[in-house]
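**Q** Structure in structure tokens, see below.
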Amino acid sequence: MLTKRLYRARPPITLHTSGTIDPGSYIPLQDIPYNASSSLFDDFTLVHNILNDYIHQTGFFFPWHRLFVWHFEQTLIHQCHYTGSAPYWNWTLDSDDLGHSYLLTNSDPNIGFGNFGDEAHQQEVIDGALANFSLSYPYPHLLRREYFPYPWKNLTPPWFTDPTLKVKDVISIDGISETINGFRGDFREFQTHFERMQGPHMGVHLALGGDIGGFCIWGKPFCDSLSYGNPGTSPSEPLFWLHHGFIDKIWHDWQNMRAENKFAFGGGSKREIAPEVWPKYPIGAPPDLTPDFPLPSVGFLPSGLTVKDVLDTTNDILCYTYE
Ligand SMILES: [Cu+2]
């Protein structure tokens, strides 16, 4: 059964830097106000939003999200009496018809994630265990979800160049197994391919629209800087954790595919998405990250961990594997 409201963070998370890279530069993509009535679940969203510019299209993408999913799992275990581990959604198995997958059509009030939302009400999810699931960021609202089989149709070039691309074409079983088999020892190319603007990570986020797609409610604040809103708040959708759980598994599988992949790492520390420069730095501009760089924690995630600490999921810190 899904617990709808988790415990609040006590004390509230600190919104200042943990001292990673450039302490002065932790400025959120959109400086959303701290909401005192938020839940611990919401705090994860806030932290992801604060760090949005540091953890996407930089070398931190895979390692930071590994720490993020792990900390979510540990929080469920230690604060919410959860006895399982972080689950993942293998969307390659649903790629032929994502919109009708079991996960997205299960209305069971205890365990179902519910269907796509109600068109008449801003795509709010109205069935399943997440019906009327209330969220705090970027402003109080109910969970929203919408299906876009052509996720890039209305998004703007030059970042998104092919409006006709279908999500099913970038999340197929064959495509992902090629990704895991490819890029021998080359972490940078592996990430560049996986995190590309019209790749599988983006594809699933955008195909499900609403909160996980970072879509805003038109006419509300924080709905003007990007054509579709703010990807920083995507952890508002519980499916985020299943999507990133699977992304972590894909990285894990790639790491374990060959000895030279195992500790391969690279990427820049500075996100560059200005159209003229980002093709040159799809996973971040210099200074380049090394395995010794601390993972940004903003006083919420475990601090003092480096990239190296999360390269092997079976080490004493993370201590998990995939079956
Ligand atoms: Cu993210």
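The values are calculated or read from the model by the stated rules, or taken from the named source; none is laboratory data. Note that the structure is a prediction, hence the values are computed from the model and not measured. No Cβ is skipped: glycine too gets one built from the backbone with ideal geometry, and neighbour counts run over all protein chains shown.
**Q** Pull out all pairs, ordered by first then second residue, where Cβ-Cβ is under 9 Å, the residues are six or more apart or on different chains, the first lies in the stretch 35-53 and is under 27 Å from I283 (Cα atoms), and the second is more than 10 Å from the ligand (Cβ to nearest atom) and among the acidic types (D, E).
**A** Short answer, once both residue conditions are applied: T45/D211; I50/D31.
**Q** When you look at F222, is it surrounded by fewer than 23 Cβ atoms within 10 Å (Cβ to Cβ), within 17 Å of I50 (Cβ to Cβ) and either at pLDDT 95 or above or among the aromatic types (F, W, Y) (or both), yes or no?
**A** yes
**Q** Pairs needed: first member in the stretch 263-281, farther than 20 Å from D309 by Cβ; second member anywhere, of a type in the set (D, E, K, R) and exposed (fewer than 14 other Cβ atoms within 10 Å of the Cβ); C-beta distance under 8 Å; at least 6 residues apart or different chains.
**A** Note: pairs meeting the criteria are E272/K280.
**Q** Sticking with this structure for a sec: Between A120, A86, A129, which is surrounded by fewer than 20 Cβ atoms within 10 Å (Cβ to Cβ) and either assigned to a loop (DSSP other than H, G, I, E, B) or more than 16 Å from the ligand (Cβ to nearest atom) (or both)?
**A** A120
**Q** From the list P286, P282, P302, pick out the single residue that is at pLDDT 90 or above, in contact with a Ser or Thr (Cβ under 9 Å, 6 or more places away or on another chain) and surrounded by fewer than 16 Cβ atoms within 10 Å (Cβ to Cβ).
**A** That would be P286, the only listed residue that is at pLDDT 90 or above, in contact with a Ser or Thr (Cβ under 9 Å, 6 or more places away or on another chain) and surrounded by fewer than 16 Cβ atoms within 10 Å (Cβ to Cβ).
**Q** Looking at (1) in contact with a helix residue (DSSP H, G or I) (Cβ under 7 Å, 6 or more places away or on another chain); (2) within 29 Å of R188 (Cβ to Cβ), which one does S85 not meet, given that it meets all the others?
**A** Answer for S85: the failing condition is (2).
Conditions tested, residue by residue: (1) outside any loop (DSSP other than H, G, I, E, B); (2) under 30 Å from P138 (Cα atoms); (3) of a type outside the set (D, E, K, R).
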| position | (1), (2), (3) |
| --- | --- |
| E272 | no, yes, no |
| W278 | no, yes, yes |
| P282 | no, yes, yes |
| S303 | no, yes, yes |
| D316 | no, no, no |
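**Q** Which of the following residues is touching a strand residue (DSSP E or B) at 6+ places or on another chain (Cβ under 9 Å), among the charged types (D, E, K, R) and either modelled with pLDDT under 90 or more than 16 Å from the ligand (Cβ to nearest atom) (or both): D22, D94?
**A** Step by step, each of D22, D94 is checked, and only D22 is touching a strand residue (DSSP E or B) at 6+ places or on another chain (Cβ under 9 Å), among the charged types (D, E, K, R) and either modelled with pLDDT under 90 or more than 16 Å from the ligand (Cβ to nearest atom) (or both).
**Q** While we're on this one: Just checking, which of F61, F133, F148, F113 is under 30 Å from P291 (Cβ atoms) and in contact (Cβ under 8 Å) with a residue 40 or more places away in the chain?
**A** That would be F61, the only listed residue that is under 30 Å from P291 (Cβ atoms) and in contact (Cβ under 8 Å) with a residue 40 or more places away in the chain.
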